[in-house]
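What follows is a single structure, written as structure tokens, with notes after it.
The values are calculated or read from the model by the stated rules, or taken from the named source; none is laboratory data. Predicted model, so just to flag it, every value in this text is computed and none were measured. No Cβ is skipped: glycine too gets one built from the backbone with ideal geometry, and neighbour counts run over all protein chains shown. To get the accessible areas, we keep the full protein, side chains included, count just its heavy atoms, and leave off ligands, DNA and RNA. Shrake-Rupley method; radii C 1.70, N 1.55, O 1.52, S 1.80 Å.
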Amino acid sequence: MKRPGATRSALLALSLVFTASAAASWNNPYPAAEAKSNILYSAFRERPKTFDPARAYSSNEYLFIAQIYEPPFQYHYLKRPYMLVPLTATAVPTPSYFDKRGRRLPQNTPAGSIADSVYEIRIRPGIYYQPHPAFARAADGRYLYHALSPYDLAGRYAIGDFPQTATRELVAADYVYQIKRLAHPKLHSPILSVMNEYIVGIRDYADVLKKEYEKIAGGRDTGIYLDLTKFPLAGVEEVDRYTYRVKIHGKYPQLLYWMAMPFFAPMPPEADRFFSQPGMAEKNLTLDWYPVGSGAYMLTLNNPNRQMVLERNPNYHEELYPAEGEPEDGPAGLLDDAGKHLPFIDKVVFSLDKESIPRWNKFLQGYYDRSVVLTEGFDQAIRFTGEGDTEVSDAMKQKGIRLLTDVAASTYYLGFNMLDPLVGGYTERARKLRQAISVAIDFEEQISIFENGRGIAAQGPLAPGIFGYREGRAGINPYVYDWVDGRPRRKPIEYARQLLVEAGYPGGVDPASGKPLSINYETPAIGPERKAQLDWMLKQFNKLGVQLVVRATDYNRFQEKMRKGDAQIFDWGWNADYPDPENFLFLLYGPNKKVGHDGENASNYDNPEFNRLFERMKNMENTPERARIIDQMLDMARRDVPWIWGMHPKNFLLEHAWMYNAKLNQMANNTLKYSRLDPVQRAERRTAWNRPVAWPIVAVLGTLLVGAVPAVVAYRKRERGAAR
Amino acid sequence: MIGYIIRRVLYAIPILIGVNLLTFALFFFVNSPDDMARLHLGVKRVTPEAIVKWKEDRGYNKPLLYNAANAGADKLTDTIFFRHSVKLFAFDFGRSDQGRDIGYDIYQRMWPSLAIALPVFLVGILVHITFSMLLAFFRGTYLDTAGVVLCVIMMSISALFYVILGQYLVSMLLRLVPISGYDVGMEAVKFLILPVIVGVVGGVGASTRLYRTFFLEEIGKDYVRTARAKGLSELRVLFRHVLKNAMIPILTGVVVVIPLLFTGSLILESFFAVPGLGSYTIDAIHSQDFAIVRAMVFLGSVLYIAGLILTDITYTLVDPRVRLE
């Protein structure tokens, strides 16, 4: 008997499935209500270790806290070379110099004659912190949440569990408080060792705080509040409500760069007191997880296991999009928003996505607004033009995806351990051996094969854009390159072999043993994915007849070997803290050696003349004289070859057509506030790109049904057969 | 039975101490407290003083197992092993090396793990038993042969392949569900569909083949022949008699994993960005967070022991011949 009702229902269901393409995207990972909201979507790979500005030092931590905490200065978003501009300060101060007797010195005093420098920083009045329970007060003026009992804390696991919030004006004392925190015995600030050398009195201050802390703690681990306002720090003082002074030993112009980092952002003592209460740390309620700032954004959801959300700080002070930039910025549309109030985006949602392939696919679907270029997806996204430049592939162009590139202020190199009897030392033999190896290792090929062209071969330790870096012929390393047809060309391998002969190793053979030279190569590159690179490296040494012994190990073992000086050649790299040549050249400064000093000079290079020039250069302003000294230092280092100057990586960033105002900035981390997006365009494109395809479901179900018929027939036949 | 359970719980104590000791030995064989400190403090501008302070703060400045400098019981108690392990027996997991409350994190992450593991477990059992019964029913036919070959192929394929294929096919090509992610409440459902499908399909090969063997073994027994002789249909024989008896070996493998559902799936959670306990453990291993590693291994051991006890109890329920003495 026919059942027309059931047929109709089935047809209706089928038509619903087939017309699903008209419905909203099914694969949208975000709530449908957010579709046209002014929200930027991004991802994070691993949970940040800390948001405490005295401790945070990693890029994945700065991604968040640089939007929240406001140091007195920041980098200009558009101008190059990088320059500091005021953020909360009224101006970038010029330091005052003093001699040993405290007499003021003129600005042009040589660095050696300066005993102390004083920076006086004035903060703009009228800047307020984000709403936070640490500031909340009762009608009688006492703080609502500064004396919480275990009973009060019951059931509170997030900042949102404290319903009352308030704000307070930013004052100079907050900056003073934060500088004092750098010496806090429990914070282990990574820059304390640097500041010990400069900020007057901070070394002794750390000892004082340690003693006081131990006295207060009495064996407890948590719930201890050390009120830093009670302990004055000689080198840092509050002048008035909006002014503070920092006094340092000698001359150190780089201090201003440090003061543009979150280490020098203000910390309200109320926040420190609030989070230091007993029972708070046990509930993960600490400054490590809940930043309190005056920046453009505030962290409203901190679930590092799933999602972090930044929302516009309702109390954010007036800041305008820059009206000046580089000549090419205007035509590129980067000045279209000049003079408009920042920030443009209301909310930024960071989702935890550890695996690169899902992250990349979500970007292609429009669910992430920006993405780096994956090695796996490089060919899909990027193509090389005839001139050797890069651009997005046709498929990306069709989607309106744009590519932004910039050379990073970083350097990756192969270091020689200068303490090693074979490859180290300062004899002509050792120099020529190192020079020969430098010529033989074809970094242009390495960049082309393994980095997809995302980098430039280095001519020295300085990255492009850093003062002292020279473009063109004047900037090449003459020990490795010739200048041919307007570009550097690596010297031929025959030249390297000749150098090896001059070093006393003809054909790469050690005459003492009659066997090929054998050099150990320490690398933290382990895993099958790195094997091709290591094989390539073996081939580079084979060109000279030298045997390379690859000693791949985990990063901890690698570091241990470096500390002990148990290496001959090794991989290393450096990301600049600030755009100053001192931040690169100190990697070759003798007293900063890894062995014995635990410094950052991993090759243990110690050339007295280089050291002397470094000491002269480090405190100088960016003058022609400084450039001349840097030239001398670079020439010295290139001749001695403590490193094989590897490469400066290039950053590739892809962004969708609905994103505006993107300009890669290697120094500034607080750039979210400049970004703008068009949510309506994004919603339309997402819908167009993500129409569900539902017919295969019906096809699979149909196949299963059809496939079941012979089974049923066979079953019935068997049952009938059994009955007979 | 209560006596038996108490005895098993008491047996568990030395096992847990042993597991703890083994975890401790393996972890510190690979990592030293200095390594841990360096990894946590980062790679730039880490001073020896900062490393010393980091270790002091977390108690990693003590000797590993034996403190010769102390007297009496302190020789054993004032050590890293004792200080970091004893509280576990009171289920006080303490704080991670990053300073977070491990107990709270486990509580938070347990639910996403369960949200995937429970449907995979339940739907998986249903699907695997159905398929294996189907193959048992059509035993000796081309369908059975094809099914077994398919099972062998499916169990030979890496779980990662199912994940990548599932994401590509279902999320990229068909655009039916999100590729990865997680949300709370009903919003979580759309994120769970794909990992659950992948989890179930990934387990079809091995489980179906195993269960088919159990069913075939039962089908050949006398009571089945008797049932058939009584004139019962094949389906009735399978569902009424064979299934019931084959459930005993199936339960052996199934019940023991029930408590472990809490600890989540390492691969599924990592690739689908589900903030469960599986990815928590993997992250802790990568970041050398010993506090979390030992807590998760301890929890896993406790749950496994609980699973074994539960299995024994279940035997008494499904097989009246079994008595726990």
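A:Lys561 - would you say it is open to solvent by 40 Å² or more (accessible area, probe 1.4 Å), away from chain B (no Cβ under 14 Å) and not in a loop (DSSP other than H, G, I, E, B)? Explain how you work it out, then say what you get.
Numbers: open to solvent by 40 Å² or more (accessible area, probe 1.4 Å): yes; away from chain B (no Cβ under 14 Å): no; not in a loop (DSSP other than H, G, I, E, B): yes.
Taking the combined requirement at face value, the residue does not satisfy it.
Sort out which residues of the stretch A:82-92 are assigned to a loop (DSSP other than H, G, I, E, B) and surrounded by 15 or more Cβ atoms within 10 Å (Cβ to Cβ), and write them in order of number.
Within the stretch A:82-92, the subset assigned to a loop (DSSP other than H, G, I, E, B) is A:82-83, A:87-88, A:90-92.
The answer is A:Tyr82, A:Leu87, A:Thr88, A:Val92.
Among A:Leu310, A:Leu334, which is touching a residue at least 24 places away in the same chain (Cβ under 8 Å), in contact with a Leu (Cβ under 9 Å, 6 or more places away or on another chain) and either assigned to a loop (DSSP other than H, G, I, E, B) or among the aromatic types (Phe, Trp, Tyr) (or both)? Before you say what the answer is, go through the steps one by one.
Values: A:Leu310 fails: either assigned to a loop (DSSP other than H, G, I, E, B) or among the aromatic types (Phe, Trp, Tyr) (or both).
Going through A:Leu310, A:Leu334 in turn, the sole match is A:Leu334.
Run down A:Thr243, A:Thr286, A:Thr229, A:Thr300 and say which single residue is within 14 Å of chain B (Cβ to nearest Cβ) and of a type in the set (Val, Ile, Thr). Reasoning before the result, please.
Working: A:Thr243 fails: within 14 Å of chain B (Cβ to nearest Cβ); A:Thr229 fails: within 14 Å of chain B (Cβ to nearest Cβ); A:Thr300 fails: within 14 Å of chain B (Cβ to nearest Cβ).
On inspection, the qualifying residue turns out to be A:Thr286.
If I filter the stretch A:305-326 for residues that are away from every other protein chain (no Cβ under 11 Å), on the phi > 0 side of the Ramachandran plot and open to solvent by 10 Å² or more (accessible area, probe 1.4 Å), do I get at least one hit?
Within the stretch A:305-326, the subset away from every other protein chain (no Cβ under 11 Å) is A:308-326.
Checking which are on the phi > 0 side of the Ramachandran plot leaves us with none.
Within the stretch A:305-326, none of the residues are away from every other protein chain (no Cβ under 11 Å), on the phi > 0 side of the Ramachandran plot and open to solvent by 10 Å² or more (accessible area, probe 1.4 Å).
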- [ ] Of the numbered conditions (1) in contact with a Leu (Cβ under 9 Å, 6 or more places away or on another chain); (2) open to solvent by less than 60 Å² (accessible area, probe 1.4 Å); (3) not polar (S, T, N, Q), A:Tyr157 fails exactly one; give the number of that condition.
- [x] (2)
Task: Residues of the stretch B:162-212 classified as outside any helix (DSSP H, G or I) and hydroxyl-bearing (Ser, Thr, Tyr), total - done: 2
Task: Evaluation of B:Val46 against (1) under 27 Å from the mean Cα position of the chain (by Cα); (2) at pLDDT below 85 (one fails), failing number - done: (1)
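Are any residues in the stretch B:214-226 part of a helix (DSSP H, G or I), without any contact (Cβ under 8 Å) to a residue 60 or more places away in the chain and surrounded by fewer than 19 Cβ atoms within 10 Å (Cβ to Cβ), and if so, which ones?
Looking only at the stretch B:214-226, we keep the residues that are part of a helix (DSSP H, G or I), and these are B:214-219, B:222-226.
Then drop every residue that is not without any contact (Cβ under 8 Å) to a residue 60 or more places away in the chain, which leaves B:217-218, B:222-226.
The answer is B:Glu217, B:Asp222, B:Tyr223, B:Val224, B:Arg225, B:Thr226.
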Task: Unmet requirement for A:Gly465, which otherwise passes all of (1) at negative phi; (2) part of a loop (DSSP other than H, G, I, E, B) - done: (1)
TODO: Quick one: A:Leu105 ticks every box in (1) open to solvent by less than 40 Å² (accessible area, probe 1.4 Å); (2) touching a residue at least 40 places away in the same chain (Cβ under 8 Å); (3) more than 30 Å from A:Asn690 (Cβ to Cβ); (4) of a type outside the set (Phe, Trp, Tyr) except a single one, so which number is it?
DONE: (2)
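Considering only the stretch A:513-552, state which residues are among the polar types (S, T, N, Q) and open to solvent by 20 Å² or more (accessible area, probe 1.4 Å). Steps first, answer last, please.
Just the residues of the stretch A:513-552 that are among the polar types (S, T, N, Q), to begin with: A:513, A:518, A:520, A:523, A:533, A:540, A:542, A:547.
If the condition is that a residue be among the polar types (S, T, N, Q) and open to solvent by 20 Å² or more (accessible area, probe 1.4 Å), then A:Ser513, A:Ser518, A:Asn520, A:Gln533, A:Asn542, A:Gln547 are the ones that fit.
Please pick out the residue among A:Lys215, A:Lys186 that is open to solvent by 60 Å² or more (accessible area, probe 1.4 Å), more than 14 Å from chain B (Cβ to nearest Cβ) and farther than 30 Å from A:Ile114 by Cα.
Numbers: A:Lys186 fails: more than 14 Å from chain B (Cβ to nearest Cβ).
Selected residue: A:Lys215, the only one of A:Lys215, A:Lys186 that is open to solvent by 60 Å² or more (accessible area, probe 1.4 Å), more than 14 Å from chain B (Cβ to nearest Cβ) and farther than 30 Å from A:Ile114 by Cα.
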Open item on the list: Restricting to the stretch A:344-358, name every residue that is open to solvent by 30 Å² or more (accessible area, probe 1.4 Å) and facing chain B (nearest Cβ under 8 Å).
Closed with: A:Lys354, A:Glu355, A:Ile357
TODO: Output the helices (runs of 4 or more DSSP H) that fall wholly within the stretch B:36-143 and possess 3 or more residues being within 14 Å of another protein chain (Cβ to nearest Cβ) and of a type outside the set (Gly, Ala, Ser), or say none.
DONE: B:48-58, B:102-137
Task: A:Met396 of a type outside the set (Ser, Thr, Tyr), assigned to a helix (DSSP H, G or I), crowded, with 16+ Cβ neighbours inside 10 Å and more than 23 Å from the chain's Cα centre (by Cα) - done: yes
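Working only within the stretch B:39-87, note down all residues that are β-branched (Val, Ile, Thr) and over 23 Å from A:Val595 (Cβ atoms). Outline the logic, then answer.
Residues of the stretch B:39-87 β-branched (Val, Ile, Thr): B:43, B:46-47, B:51-52, B:77, B:79-80, B:86.
Those that are β-branched (Val, Ile, Thr) and over 23 Å from A:Val595 (Cβ atoms): B:Thr77, B:Thr79, B:Ile80, B:Val86.
Of the residues B:Pro112, B:Pro14, B:Pro119, B:Pro48, only one is at negative phi and touching a helix residue (DSSP H, G or I) at 6+ places or on another chain (Cβ under 7 Å); which?
Numbers: B:Pro112 fails: touching a helix residue (DSSP H, G or I) at 6+ places or on another chain (Cβ under 7 Å); B:Pro14 fails: touching a helix residue (DSSP H, G or I) at 6+ places or on another chain (Cβ under 7 Å); B:Pro48 fails: touching a helix residue (DSSP H, G or I) at 6+ places or on another chain (Cβ under 7 Å).
One residue alone meets the criteria, B:Pro119.
Looking for whichever is out of contact with any Phe, Trp or Tyr (no Cβ under 8 Å at 6 or more places or on another chain) and crowded, with 18+ Cβ neighbours inside 10 Å here; the options are B:Arg95, B:Arg109. Which one fits?
Details: B:Arg109 fails: out of contact with any Phe, Trp or Tyr (no Cβ under 8 Å at 6 or more places or on another chain).
Exactly one residue qualifies, and that residue is B:Arg95.
Let's see how each residue does on (1) part of a helix (DSSP H, G or I); (2) away from chain A (no Cβ under 14 Å); (3) farther than 15 Å from B:Ile102 by Cβ; (4) open to solvent by less than 20 Å² (accessible area, probe 1.4 Å):
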{"position": "B:Thr252", "(1), (2), (3), (4)": "yes, yes, yes, no"}
{"position": "B:Leu260", "(1), (2), (3), (4)": "yes, yes, yes, no"}
{"position": "B:Ser270", "(1), (2), (3), (4)": "yes, no, yes, yes"}
{"position": "B:Asp283", "(1), (2), (3), (4)": "yes, no, no, no"}
{"position": "B:Val293", "(1), (2), (3), (4)": "yes, yes, no, yes"}
{"position": "B:Phe298", "(1), (2), (3), (4)": "yes, yes, no, yes"}
Open item on the list: Looking only at the stretch A:25-81, count every residue that is open to solvent by 10 Å² or more (accessible area, probe 1.4 Å), in a loop (DSSP other than H, G, I, E, B) and within 11 Å of another protein chain (Cβ to nearest Cβ) and tell me the total.
Closed with: 13
Task: For B:Ile193: the one exception among (1) within 30 Å of B:Val224 (Cα to Cα); (2) touching a residue at least 12 places away in the same chain (Cβ under 8 Å); (3) within 12 Å of another protein chain (Cβ to nearest Cβ) - done: (1)
Open item on the list: Looking at the stretch A:637-648, can you tell me whether even one residue there is part of a strand (DSSP E or B), under 29 Å from A:Met83 (Cα atoms), open to solvent by 20 Å² or more (accessible area, probe 1.4 Å) and modelled with pLDDT of 95 or more?
Closed with: no
